[in-house]
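Below is one structure, written out as structure tokens; the observations come after it.
The values are calculated or read from the model by the stated rules, or taken from the named source; none is laboratory data. Because the structure is a prediction, the values reported are computed rather than measured. We place every Cβ from the backbone using ideal geometry, glycine too, and count neighbours over all the protein chains shown.
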Amino acid sequence: MFANTQTAETCLGPALKAAYQVIQHVGGKLHVFTATRPTVGESPIKNREGAPAAAKPKEGTPTQLQPDGEFYKNLAVDCSKQQVCVDIWSFAGAYTDLATIGQLAKHTTGSVYHYPSFSDAVEGEKLSRDLQHNLTREQGWEAVMRVRASRGLRISSFLGHFFIRGTDLLALPNVDEDKAFAVEIAHEENAQNVSNCCLQAALLYTTSDGERRIRVHTMQVPASAAVATLFESADVDACANVLARLAADQAVKSKLLDGAEKMQTSCMEPLRAFRAICPPQAKAANAVLLPELLKLLPLYALGLMKTAVFSTAAEVRADDRMALIYELATMGCERSVALMHPRLFQLFPPPATPPPLPLPLTALSLNAAAAYLLDDGMSLTLWLGHAVPTEFLQGAFGWGTLDGVDASALRLLPADSSPTARQIDELVSLLRSERPHSWLRVRVMKQGDGDAPFLRCLVEDQTKQMMSYGDFVMHCHRYVLSKA
């Protein structure tokens, strides 16, 4: 019907309301595919990308990370009441304001899929795989969840994609195997005179076969008044996941700098508390003291601050940042750790005994005559040094040289094409098998040619905006000493 239209305007608001009218009586899932910013009809969206992300907006004006208007949030609340989940699929090459449109997914337990400047040749397979996984994964419908704690404890906040009814009931029109929720627990009373406490999460949902079920998880954990016991039982991956969500939430509510500062403070305060309980002889030399189970927390904190969530680099666009924030809000611990501390593998020259071991995330690990594969949990990046041999390029891509070749358009040869292609395919397949939640596409980057996203993942190195890992540890140490 519209194959030959010359109209570039879109009216997403009326289309969503029409879809809502159709589906509200039965509930289910609504998939919204958008490739441009809605500009006509109800609730058009203006272009807000011109203002710097880190700038403080005028009083009463939302930042780029805050929704511009209440239309999409109000519609999301209506969808949640009618058990309708909304997933957003964005393919735009220009600004679409995911901060506003994404409210549909945030309040209906949905997901935001972002394919900037979508090209079927580049990301067609990823779209197909993601859509297939979305439709076939294990999921529940018309769900509600409540988390309870023993007397003396209370749930102070929930983190994730949901709509909260009352004070402690999460409305989840759709819940799937890839979503993770986080809760903050606070004390209601000053003293806990018990040796154990209990936590319980109860999820009431309907299976895809129409069976109504309730799933209850109850756990008993020891309670202690000794701070040292907390450090001996800490889970650094879970701590980093929750702190990352809180920092991203602060960035959305205020500004990027506030979110980054919250992440730093949340990292340094446990180190200060740990030093306070260390024996005097350990503190005598003013050495850096890190709790054994939380010694990776500064590394994870720095890694997060160098991602697109907080980076103020010019190549990080508003929609890219917001899409990652939505993704972070539903990540489990394994995925968030991969984002904060990616894994770097050397592909060429090949290791003596495969599979290769992860390398330190520093430029010192790189060689201009080598090729490397980076796994950040979201995608796989194949980085090529400018002096990588012709034999590798021929075996991997069928090209003898990459001079004048657009790296983003390069495609790996099939595994049976050459020994090099088979070696790459084995590692890629292994890494993909570890990330069943999302199909990891391979993007190719050449040294010095648009490889800033790759270099930003080398979290141990200094960047224009952020210090190196060694400097950050010393920064934390100086903070701890100043508070002693």
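Taking region 188-223 as the range and being over 16 Å from A149 (Cα atoms) and in contact with a Ser or Thr (Cβ under 8 Å, 6 or more places away or on another chain) as the test, the residues that pass are R212, R213. G259: farther than 28 Å from D176 by Cα and either buried (at least 18 other Cβ atoms within 10 Å of the Cβ) or in contact (Cβ under 8 Å) with a residue 24 or more places away in the chain (or both), yes or no? It is true that G259 is farther than 28 Å from D176 by Cα and either buried (at least 18 other Cβ atoms within 10 Å of the Cβ) or in contact (Cβ under 8 Å) with a residue 24 or more places away in the chain (or both).
One residue is enough: does region 317-332 have a residue meeting the conditions aliphatic (A, V, I, L, M) and farther than 27 Å from F181 by Cα?
Checking region 317-332: not a single residue is aliphatic (A, V, I, L, M) and farther than 27 Å from F181 by Cα.
Restricting attention to region 202-215, does a residue exist that is under 30 Å from R335 (Cβ atoms) and in contact with a His (Cβ under 9 Å, 6 or more places away or on another chain)? Among the residues of region 202-215, at least one is under 30 Å from R335 (Cβ atoms) and in contact with a His (Cβ under 9 Å, 6 or more places away or on another chain), which makes the answer yes.
Here is a yes/no grid of residues against (1) outside any loop (DSSP other than H, G, I, E, B); (2) of a type in the set (G, A, S):
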residue	(1), (2)
G303	yes, yes
L339	yes, no
L361	no, no
N367	no, no
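Restricting region 454-484 to residues that are among the aromatic types (F, W, Y) and out of contact with any strand residue (DSSP E or B) (no Cβ under 8 Å at 6 or more places or on another chain), the residue that is farthest from D375 (Cα to Cα) is Y479. Of the listed requirements (1) within 19 Å of K106 (Cβ to Cβ); (2) crowded, with 23+ Cβ neighbours inside 10 Å; (3) hydrophobic (A, V, I, L, M, F, W, C), L328 misses just one: (2). Here L412 meets each of (1) under 30 Å from V337 (Cβ atoms); (2) of a type outside the set (K, R); (3) touching a Gly at 6+ places or on another chain (Cβ under 9 Å); (4) assigned to a loop (DSSP other than H, G, I, E, B) with one exception, condition (3). Has region 462-483 got at least one residue that is more than 30 Å from T312 (Cα to Cα), in a helix (DSSP H, G or I) and among the polar types (S, T, N, Q)? No: region 462-483 contains no residue that is more than 30 Å from T312 (Cα to Cα), in a helix (DSSP H, G or I) and among the polar types (S, T, N, Q). Number of residues in region 416-447 that are loosely packed, with under 15 Cβ neighbours inside 10 Å and either in a strand (DSSP E or B) or modelled with pLDDT under 90 (or both): the value is 1.
Here is a yes/no grid of residues against (1) touching a residue at least 60 places away in the same chain (Cβ under 8 Å); (2) farther than 22 Å from L159 by Cα; (3) in contact with an Asp or Glu (Cβ under 8 Å, 6 or more places away or on another chain); (4) hydrophobic (A, V, I, L, M, F, W, C):
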residue	(1), (2), (3), (4)
I325	yes, no, no, yes
P342	yes, yes, yes, no
F345	yes, yes, yes, yes
P354	yes, yes, yes, no
A363	yes, yes, yes, yes
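Take S438 and tell me if it is at negative phi and under 21 Å from the mean Cα position of the chain (by Cα). Working first, answer last.
On the way: at negative phi: yes; under 21 Å from the mean Cα position of the chain (by Cα): yes.
Judged against the criteria, S438 is a match.
Mind listing just one residue for me: the one in region 299-357 that is within 19 Å of W383 (Cβ to Cβ) and among the small types (G, A, S) and, of those, modelled with the lowest pLDDT? In this case the residue turns out to be A313. Filtered by the rule that a residue be in contact with a Leu (Cβ under 9 Å, 6 or more places away or on another chain) and assigned to a strand (DSSP E or B), region 120-140 gives a lone residue, G140. Pairs please, first residue from region 118-130 and closer than 17 Å to D87 by Cα and surrounded by 12 or more Cβ atoms within 10 Å (Cβ to Cβ), second anywhere and among the aromatic types (F, W, Y) and at pLDDT 90 or above, Cβ atoms under 7 Å, 6+ apart in sequence or on different chains. Note: pairs meeting the criteria are K126/W439; L127/Y115; R129/W439; D130/Y113; D130/W439. Residues in region 227-242: is at least one touching an Asp or Glu at 6+ places or on another chain (Cβ under 9 Å) and without any contact (Cβ under 8 Å) to a residue 60 or more places away in the chain? Checking region 227-242: not a single residue is touching an Asp or Glu at 6+ places or on another chain (Cβ under 9 Å) and without any contact (Cβ under 8 Å) to a residue 60 or more places away in the chain. Taken together, the residues in region 80-119 that are under 23 Å from R137 (Cβ atoms) and touching a Pro at 6+ places or on another chain (Cβ under 7 Å) amount to 6.
Contact map, region 28-43: first residue surrounded by fewer than 17 Cβ atoms within 10 Å (Cβ to Cβ), second residue in a strand (DSSP E or B), Cβ cut-off under 7 Å, separation 6 or more or different chains; pairs are G28/V84; H31/D87; H31/W89; F33/W89.
Quick grid of which residues meet (1) over 21 Å from D176 (Cβ atoms); (2) hydroxyl-bearing (S, T, Y); (3) out of contact with any strand residue (DSSP E or B) (no Cβ under 9 Å at 6 or more places or on another chain):
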{"site": "Q82", "(1), (2), (3)": "no, no, no"}
{"site": "W89", "(1), (2), (3)": "no, no, no"}
{"site": "T96", "(1), (2), (3)": "yes, yes, no"}
{"site": "Q103", "(1), (2), (3)": "no, no, yes"}
{"site": "V112", "(1), (2), (3)": "no, no, no"}
{"site": "S117", "(1), (2), (3)": "yes, yes, yes"}
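When you check V405 against the structure, is it closer than 22 Å to P358 by Cα and either modelled with pLDDT of 90 or more or over 22 Å from the mean Cα position of the chain (by Cα) (or both), yes or no? No; evaluated as a whole, the condition is false for this residue.
If you go through region 57-111 and keep only what is crowded, with 24+ Cβ neighbours inside 10 Å and modelled with pLDDT under 90, you end up with just Q64.
Search region 1-39 for residues being part of a loop (DSSP other than H, G, I, E, B) and polar (S, T, N, Q), and hand back the single one that is nearest to L135 (Cα to Cα).
First pass over region 1-39, keeping only residues part of a loop (DSSP other than H, G, I, E, B): 1-11, 24-27, 35-39.
Then keep just the ones that are polar (S, T, N, Q); that gives 4-7, 10, 24, 36, 39.
Numbers: N4: 31, T5: 31, Q6: 33, T7: 32, T10: 26, Q24: 20, T36: 24, T39: 30 Å.
The extreme case among them is Q24.
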